[in-house]
Amino acid sequence: MSRKTAARMAVRDTLIELVDINRQFRDAVLNDHRLPAWVMQEDDSDTQDDRTLAASVSTRLTYQSEQNKQETARLPGVIGISATTLLKGQQLNDAKNHFKLAMGEYRKLYGDDIAAIEETSDQLRDGVLGGLQIQHIHFVQSYRQLKLFQQPPKRISFSWAANHSGTVRLTSVEAIDHLRKKYMASAAIERDIVLLEQLPKSEIVVIKRLLAPHLRANLKWPDPVEALRQMDADAKKEYPGQINTPIPVFVQLEQGQPLPDFKPIKPFDPITRQERLQRSDARLVKISDNPVSRIYRYA
């Protein structure tokens, strides 16, 4: 058996596992309907209740017909679940990891630049995924881990993070290679490459990738847990102080137990966004006047 055949079989087997446990977790969340649930609904047009929406979005592995290919399904919230459902969620996280690792091994055989990833994704969608009738799979949604807590936090405080960016620092030559491998070809990318070619080869530039607004949650734990967090590094991983929450936080509850204390948050409003003041001693400047460019050099 060739390495590529073995890699394809691993993708198929882990995906079958993922789809199965994903369905089981969705059904388990729905069966916990006697426990409380809240999600941040964008508007009142959706007639599904909060728990049904949470079960649907959290287990969505494929693109919806109207979904932008660059976006992931989002639905922040807090959902009470039973101990049985928590176990199913942990099994689902394991299955997601298995699938992600199998995909990583498969793509290693082809390379990790944009062209290679597109080629392997198309091959998978037309072959393995098509055979399983899941060719419209959304890989990011399939990889992302559920936030599951056996011990409910004492308080959950949501906030929007809207001013963050991912950055990479490279020489101008490395930046050209980075743009060609990691970004979709476009007129804007080609203009940046032309400008980078005019810089000294050893000049350091910074590529900034603006991140879409995302919701975070600060978690306050009961006093005994907070004391444990101060003494044990592993406890901080099990009981984090802050998490990203694109999909609901799932907390184990007993019948009649309320959700942790939290304040519902409204959808992100760009009009009320507070722009950070640029530092007067900022050293980075764009290499062009093109508003789409994300390439900076040191002044």
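A few points about this structure:
- Hits in the range 248-280 (condition: modelled with pLDDT of 80 or more and among the polar types (S, T, N, Q)): Q252, Q255, Q257
- Residue that is modelled with pLDDT of 85 or more and under 19 Å from the mean Cα position of the chain (by Cα), where the choices are K220, K237: K237
Yes/no matrix, rows are residues, columns are (1) in contact with a strand residue (DSSP E or B) (Cβ under 9 Å, 6 or more places away or on another chain); (2) farther than 30 Å from K108 by Cα; (3) at pLDDT 90 or above:
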| position | (1), (2), (3) |
| --- | --- |
| R3 | no, no, no |
| V11 | no, no, no |
| A28 | yes, yes, yes |
| E42 | no, yes, no |
| S45 | no, yes, no |
| A55 | yes, yes, yes |
| T62 | yes, no, no |
| N68 | no, no, no |
| I79 | yes, yes, yes |
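- Residues of the range 65-107 that are free of Cβ contacts under 8 Å to residues at least 60 places away in the same chain and over 17 Å from the mean Cα position of the chain (by Cα): S65, E66, T84, L87, Q90, R107.
- Qualifying residue in the range 117-138 (condition: modelled with pLDDT of 85 or more and either part of a strand (DSSP E or B) or not hydroxyl-bearing (S, T, Y) (or both)): yes
- Sole residue being farther than 30 Å from R297 by Cβ, open to solvent by 70 Å² or more (accessible area, probe 1.4 Å) and of a type in the set (D, E, K, R), chosen from E197, E238: E238
- Flag if T245 is closer than 21 Å to H214 by Cβ, surrounded by 10 or more Cβ atoms within 10 Å (Cβ to Cβ) and modelled with pLDDT under 95: yes
- Residue in the range 36-54 that is open to solvent by 50 Å² or more (accessible area, probe 1.4 Å) and not in a loop (DSSP other than H, G, I, E, B) present: no
The values are calculated or read from the model by the stated rules, or taken from the named source; none is laboratory data. Everything numeric here is computed off the predicted structure, so don't read it as measured data. Note: ideal-geometry Cβ built from the backbone for every residue, glycine included; neighbour counts use all protein chains shown. Calculation scope for accessible area: heavy atoms of the full protein, side chains included, ligands and nucleic acids excluded. Shrake-Rupley method; radii C 1.70, N 1.55, O 1.52, S 1.80 Å.
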